[in-house]
Amino acid sequence: MTPMATDYAPDEEATRLYARYKRAREAEAELKDPVREQAATDLKAGATVSQLAKLTGLTPEYFRRIARAEGVERLRPPTVGKLKPEGDPS
């Protein structure tokens, strides 16, 4: 195994890239709870998981989980998985 270099220092471009990424992660962490709260409100008001996914770039499953946790009634029955109605050919 090669020992790790202890004198590593990123070049200026790498430093900027890492700093930019760190700021983006911090902003995401700061927005996570407010976005979740707004999504819960919007789902209860009739927004679909697909609409919220398009607006945020997050997956529809993220919003499905919020909807389930908040007890939001489904707009349509499930089409896959264990919650799919028995005998449904689709």
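Observations on the structure shown:
- Heavy-atom accessible area order for Thr56, Thr48, Thr2, largest first, 1.4 Å probe: Thr2, Thr56, Thr48
- Among Ala53, Thr6, Leu43 the positive-end extreme of the charge dipole of segment 1-53 (Cβ point charges): Leu43
- Here the 3J(HN,Hα) profile of segment 48-58, calculated from phi with Karplus coefficients 6.51, -1.76 and 1.60 at θ = phi - 60°, is 9, 5, 5, 4, 5, 4, 5, 5, 10, x, 7 Hz, Gly and Pro shown as x.
- Cα-based equivalent ellipsoid, segment 1-72: semi-axes from gyration tensor eigenvalues, Å: 39, 13, 10
The values are calculated or read from the model by the stated rules, or taken from the named source; none is laboratory data. Keep in mind the model is a prediction, meaning the values are calculated, not measured. All Cβ positions, glycine included, derive from the backbone under ideal geometry; neighbour counts span all protein chains shown. Calculation scope for accessible area: heavy atoms of the full protein, side chains included, ligands and nucleic acids excluded. Shrake-Rupley method; radii C 1.70, N 1.55, O 1.52, S 1.80 Å.
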